[in-house]
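Report on one structure; see the data block that follows.
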Amino acid sequence: MSASTAEITRSGLWKNNVALVQLLGLCPLLAVTSTTINGIGLGLATLITLVLSNTIISAIRNVVRTEVRLPVFVLIIASIVTVIELTMQAWFYDLYLVLGIFIPLIVTNCSIIGRAEGFASKNPVAASALDGFMMGLGFLIVLTILGMLREIIGFGTILANANLMFGEGASALQFTLNEEYGGFLMAILPPGAFFGLALLIVAKNLIETRFYQAPAAKITDSEAEPVAT
Amino acid sequence: MKNYSSPYVTPSASTNRLMLNVIIALIPGTIAYIWYFGMGLIVNLVLAISSALLFETVILLLRKRPLKAYLSDYSAIVTAWLFALCIPMHSPWWLVVVGIGFAMIAGKHLYGGIGFNPFNPAMVGYVVLLISFPVEMTTWYLPLQISPDSLTLVQAFSYSLGLVDIHQWDTLTSATPLDQYKTSLSLNMMISEIRQSPVFGSFAGVGWEWIANWWFIGGIYLIFTKTIRWHIPVAVILGMLILSFSFYIADPDSIASPGFHLFSGGLMLGAFFIATDPVTASTTVKGRLIYGFMIGALVYIIRSWGGYPDGVAFAVLLANMSVPLIDYYTQPRVFGMNPPEDH
């Protein structure tokens, strides 16, 4: 059962998006997306983890016995995350400090073990690597959009501290809305993350009902329209 | 006149009659508020009520609901009125609009409109502002009686709309009595020393204490017209009294008196007007007592050990959250039925 490239791409980016449809990995998603750069940083780390873990797990899928597969998967994912963590510590130390505990916590991100169990352990290596990449990309895009949304409302900037990731020259990327904008703190706080994610899900469902399906049925009488008195 | 067969159950009051009663009960306290704190409240009220009606109209149109029935039930006006009483005076106009926007959209209509909202919309709007704009939300003004200057209505309007320099009247701002009490206690001052500050009156803050009295009188009117039942306000006041009294007698030098707690901040307004919201409060008799007691106790706990000087909004929202649980465990026994074995 090998899925086509187009199908995997569509599923990862839209139809089965990790953040918007599966609602997996919400803990890092909600916690680190207070700025765009944080979102991109964690999104990239998750993307690389997904590609590597899917590839390795798919490669060994016929060797590992079913009974012990989950501990083996977790060991592989944990090793990959450790490699990524040490890499970030070496080359992106400031970003590593900002993301903190959420880098090692990628191990517990359900989307990774979910893809390992649900896709990589049943499909050939190339398809699994592509699936990991597309799922990771879908997650990265949502993290970036949510980060931008929260940053522009909360701080009035976009891509602040881009130097954490792209080196000193990238500081010029920062876009500031208005110097006098005081900031809407709630967007940075946890409730803002929930509101932001909810709005993105609404947007996705809206696009789907508008362009892909017939419009939803009108409200019926059984839903009790309050009577004007 | 229509003829009905017995047993002649009179129809309960309509939503707009209840809401109109609430507005009538709010008037004496509102006048007292303007008397003590000036024209800023009128600006807040005008901005809040007009933006609430605007948001309500837009959302009703979006939701394809009948406009006239919902706009004429006064519920948006009551929400806006309570909200305007909670936020500081001379706030910038956008603060009022953002707060009312959250109250009407996220607090009320996202849940399905009036009757379906689990949280008090006015408190949702207020708390969003409190955690988002700490500077604007803690800039309070002195009561006129001890203030060096006062603003006319036109000045207050242009101040809120940002037409005049906003730092011009900075000398008129001051900490609220509860704020002053909290910061002074953290400096190890005694109650008798704290009371020397001019913002304190005969038993609570200047102005605040008498406004709270007028809320109390408005609340009595609500109980007499059967707009609200007595259980919630009594339980709120009892919860506050029991906690504040037991701590006060243990250490009267460094704990404020129960009278101060009762007549400070938003407790009286909360007990009679906010906690009693028929949609978000508990619906059983026992449940109302538990719900009210919980609010009173939580306000004391937040004031004494929390990060904010007053906690009525947080207490009401926390109690709103517990209402389904409280109602579940306090269902009255149906007459003639055996008491339930277990839940």
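For peptide B:69-81, the mean count of partner chain Cβ atoms within 10 Å of a residue's Cβ comes to 1. Largest first, the extents of the alpha carbon coordinates of the range A:103-167 on the three principal axes equal 46, 22, 20 Å. Determine which residues of the range B:265-300 fall in the zone a paramagnetic label at B:TYR329 would reach in this model, i.e. backbone nitrogen under 12 Å from the point 7 Å along Cα→Cβ. The answer is B:287, B:290-291, whose backbone nitrogens lie closer than 12 Å to the label point. Averaged over peptide B:128-134, the number of partner chain Cβ atoms lying within 10 Å of each residue's Cβ comes to 5.
Rg of the Cα atoms in the range A:5-143, relative to 2.2 N^0.38 Å, amounts to 0.99.
Each part reduced to its alpha carbon centroid, the range B:291-336 and the range A:74-88 end up 46 Å apart. Translational diffusion coefficient of the range A:75-126 (Stokes-Einstein, Kirkwood radius from Cα pairs, 20 °C, 1.002 mPa s): 177 µm²/s. Each stretch of four or more DSSP H residues adds -39500 (n - 2.57); spread over every residue of chain A, this sum gives -19000 deg cm²/dmol at 222 nm.
Remark: spin-label model distance A:ILE60-A:ALA172 equals 4.7 nm, labels positioned 7 Å along the Cα→Cβ axis.
Couplings 3J(HN,Hα) for the range A:137-151, derived from phi with the Karplus relation 6.51 cos²θ - 1.76 cosθ + 1.60 (θ = phi - 60°), are 5, x, 5, 4, 5, 5, 4, 5, 5, 5, x, 4, 4, 5, 5 Hz, where x marks Gly and Pro. Rg and Dmax over the alpha-carbon atoms of the range B:223-325 stand at 13.2, 41 Å. Global size of the range A:19-73: 14.7, 43 Å for Rg and Dmax (C-alpha atoms, Rg to one decimal, Dmax whole).
Amide hydrogen proximity for B:THR330: with H placed 1.01 Å from N in the peptide plane, no residue at 5 or more positions away or on another chain lies under 5 Å.
Per residue, the convex hull spanned by the alpha carbons of the range B:278-337 comes to 75 Å³.
Taking Cα centre as origin and charging only the Cβ of basic (Lys, Arg, +1) and acidic (Asp, Glu, -1) residues, the dipole magnitude of the protein assembly as shown rounds to 1700 debye. Shape descriptor for the range B:11-174: Rg over Rh equals 1.00 (Cα atoms; Rh from the Kirkwood inverse mean 1/r). Between the C-alpha center of the range B:254-290 and that of the range B:138-212 there is a gap of 24 Å. Couplings 3J(HN,Hα) of the range A:172-179, computed from phi: 5, 5, 4, 10, 10, 5, 7, 4 Hz, in residue order, whole Hz [Karplus 6.51 cos²θ - 1.76 cosθ + 1.60, θ = phi - 60°; x for Gly and Pro]. Longest span of chain B, sites excluded, free of trypsin sites (Lys or Arg not before Pro) in DSSP loop with at most 14 other C-beta atoms within 10 Å? Of all site-free stretches, the longest is B:65-225. Pair-distance distribution of chain B: all C-alpha pairs, bin width 10 Å, starting at 0; shares per bin in whole percent are 5, 24, 33, 24, 10, 3, 1, 0.
Here the alpha carbons of the protein assembly as shown define both size measures, Rg and Dmax, at 28.5, 87 Å.
Residue-wise HN-Hα couplings along the range B:311-324, as the Karplus relation 6.51 cos²θ - 1.76 cosθ + 1.60 with θ = phi - 60° gives them from phi, are x, 4, 5, 5, 4, 5, 5, 5, 5, 4, 5, 8, 4, x Hz; Gly and Pro carry x. Note on chain B: dipole from Cβ charges, positive end direction compared against B:PHE102, B:GLY292, B:ALA69; the farthest Cα belongs to B:ALA69. Approximating the spin labels as points 7 Å out from Cα along Cα→Cβ, the A:GLU208-to-A:TYR93 distance works out to 4.5 nm. Quick one: check the C-alpha center-to-center distance for the range B:110-132 versus the range B:43-103, whole angstrom. Taking the Cα centre of each part, the range B:110-132 and the range B:43-103 sit 12 Å apart.
Structure shown: which of A:LYS15/B:LYS64; A:LYS15/A:LYS122; B:LYS226/B:LYS286; B:LYS68/B:LYS108 lie over 27 Å apart, alpha-carbon to alpha-carbon? As for pairs spanning more than 27 Å Cα to Cα, those are A:LYS15/B:LYS64.
No lab work stands behind these numbers, since they all come straight from the coordinates. Predicted, not measured: the structure shown is a model, and the values here were computed from it. Cβ coordinates were reconstructed from backbone atoms using ideal geometry, including for glycine residues, and neighbour counts include every protein chain displayed.
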